[in-house]
Structure formats: structure tokens, C-alpha cells
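Step one of this worksheet: look at the structure below.
The values are calculated or read from the model by the stated rules, or taken from the named source; none is laboratory data. Values in this document were obtained by computation on a predicted structure and should not be read as measured data. Here the Cβ positions follow ideal geometry from the backbone for every residue, glycine too, while neighbour counts run over all protein chains shown. Just the protein is used for accessible areas: all its heavy atoms, side chains included, with ligands, DNA and RNA removed. Shrake-Rupley method; radii C 1.70, N 1.55, O 1.52, S 1.80 Å.
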Amino acid sequence: MRPASHTAFISHPDCLLHEMDFYHPESPARLKAIEKELSASGLMDKLRRYQAPLATIGQLERVHTQEHIARLQAAASRAASGGFVYLDPDTAMNRHSLGAAYRAAGAAVLAADLVIGGTVENAFCSIRPPGHHAERGYPMGFCLFNNIAVAVAHALETHALQRVAVVDFDVHHGNGTEDIFQHDPRVMMVSTFQHPFYPYSGIAGRSERMVNIPLPAGSNGKVFRKAVDEFWLPALERFEPQMLFVSAGFDAHADDELASLNLVEDDYAWVTEKIKEVARAYAGKRIVSVLEGGYELAALGRSVAAHIKVLMKP
């Protein structure tokens, strides 16, 4: 019998099979660390668990070119005999990667269906590969398909929503999400990210709907919270989104050595509370959160637990 929770947890074992190199920081251990922390904290038993389906080609083609999908399919064919096929210096595929990518995007689509259909109020997708760097025509930055964008497009086209917001607190700018939606008046994106830092974007594209707030290296939770209060929240209140999608990257954590911001678990809990306040006011409480970055395993597990604990609160 499923627990009486209004929060879904969506994942799939296929997401553990994707590897980009034996020592790559974006590894299967990330999802294991999340499950371990959620189990140890008692949160896992209270979540409604779902297996991620495979995204369809039609769902992917709403945000990616046919050439992009064909490029990944060809790389998967080359990887079928074993080893790794590199798409860029940081991003590779093994023989299981394409299946994992279909599951990752499919998880976000299922989450949107569950939330819009009223089965749950919100959902967290514990998936990999991550997605927010994948542009309409290019994989990059550990990302193959743009999972959050696939789900947003599904909400817009299948469920006829008119205003959707993406909230991105990953330490890296979500260049792929911006690339896909920068000209779509139905989508607002609010984000913070370390700058200058990979992928060295987010400044030129700022607009009333692309509310990108760069943070200098060394910024802590006080700086982050000020940016949210002064820029994100007024923009979201003006836009009045009917649903919120969260690119939940936890690599801005102080313990994560791949970047240089200094957030802690309390900051992730705080921003989740703020997201929930906007969702209660305008979006019928509807939130879909999708894992992006976060590479220090203990900090990742604790941060996701803090995020989910707030999502689960009444």
C-alpha cells in the first residue's frame, strides 16, 4: 500500500547504468547517495514511488532537433560494443546511456502528468543523465536530452498550460533551457549561477522572462537569498505561473569542489519554501523538480533530503 503522500519520487534502475568514464564525477553513485540518505532519514518510506517510463521521440522532438536525436542514436550504436563515445570533452556515452536518457526525460514527463492530473501535488525526479545544458541541437555539459524542457513542453502542448516557470538553482547556468525557451512567451526562467563559470552564458540573454542572476565565486547563502528575494520572486509574481518546474542542481553546496559557491542544506530548504509559496499562490501547488548537478555525494544526499522534506510538508 502506498503511503499517503502528496510527493512523488520517480527514478529507474536504467539511470544507474549510464557511465561517462570510470572516474567521472557524474556517476551512478549520485543516485545511490540520494537513496541512501532518503532511506536513512525515513523520508523514502513516505514518498509515492514511480518507475520512469521511456520518453517518446515525439516528446523529445518538441524541444530537440531530429539531428540532435539522430546524433545520440548514432553514438549509442558506436558504444554498443563497449567503451565510451565522447560527444564533447566532458560528455560521453556508454551502451546504456541512451536508454538512461530516455528514462530521465520520461521521468520528467510522468511527473508533469501526475502533478497536473492531481495524483500528487509535487514530484522529484532522481534521474541521470542531467539535462539543463542540452540545447535544442547539441548535447553538452554531462547532458544528453534537456529533461526539464521536455516536461515543460509536454505541459504546454499536451495539457494546454499557458504560463510555466522554470526555477534553476544549479551552480551552472542552464544554457540549454534558455536556448530552447528564450523566444517562447509562455515560459519564464529564473536562475542563479556562479559567473564567470562554465558554460560562460546567461548574461547576454537576460530579459523580463529570462531572469538570470550571476553570483561571484565565494557567494554564500545570504547572497543567494538576496538574489531570490530581489529578483526571482517579483518576476514570478508578475508572471503568475500556472506550474513550476525546478532544475534542482545541488553543486552550489559549500562542500562541492567542482564549483565555488557556498550554499548549505538550509539554503536549499529555504528556496524550496519560497518556490512552494509561489506555487500555492498561482499554480495550485503544482511543482515538478528534476535533479541536475551535485557531485559531493554526502552533501548531495543531505541537500536532496532537505529539498524533498519541504516538498512533502502540507
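Which of the residues that make up the stretch 11-24 are part of a helix (DSSP H, G or I) and among the charged types (D, E, K, R)?
So the first thing to find is which residues in the stretch 11-24 are part of a helix (DSSP H, G or I), and the list is 13-16.
The one that is part of a helix (DSSP H, G or I) and among the charged types (D, E, K, R): Asp14.
Tell me which residues, restricted to the stretch 25-69, are open to solvent by 50 Å² or more (accessible area, probe 1.4 Å), in a helix (DSSP H, G or I) and more than 27 Å from Pro314 (Cβ to Cβ).
Lys32, Ile57, Glu61, Gln66, Glu67
Of the residues that make up the stretch 75-85, is at least one over 22 Å from Leu31 (Cα atoms), in contact with a Lys or Arg (Cβ under 8 Å, 6 or more places away or on another chain), at pLDDT 95 or above and assigned to a strand (DSSP E or B)?
Checking the stretch 75-85: at least one residue is over 22 Å from Leu31 (Cα atoms), in contact with a Lys or Arg (Cβ under 8 Å, 6 or more places away or on another chain), at pLDDT 95 or above and assigned to a strand (DSSP E or B).
What tally of residues in the stretch 1-15 results from selecting those that are touching a residue at least 40 places away in the same chain (Cβ under 8 Å) and open to solvent by 20 Å² or more (accessible area, probe 1.4 Å)?
Of the stretch 1-15, the ones touching a residue at least 40 places away in the same chain (Cβ under 8 Å) are 2-3, 5-12, 14-15.
Those left that are additionally open to solvent by 20 Å² or more (accessible area, probe 1.4 Å): 2-3, 6, 12, 14.
Qualifying residue count, the stretch 1-15: 5.
Which members of the stretch 181-203 meet the condition of being assigned to a strand (DSSP E or B) and β-branched (Val, Ile, Thr)?
Step one: filter the stretch 181-203 for residues assigned to a strand (DSSP E or B), giving 187-194.
Those that are assigned to a strand (DSSP E or B) and β-branched (Val, Ile, Thr): Val187, Val190, Thr192.
For His159, work out the one condition from (1) in a loop (DSSP other than H, G, I, E, B); (2) open to solvent by less than 10 Å² (accessible area, probe 1.4 Å); (3) not charged (D, E, K, R) it doesn't fulfil.
Result: His159 passes all but (2).
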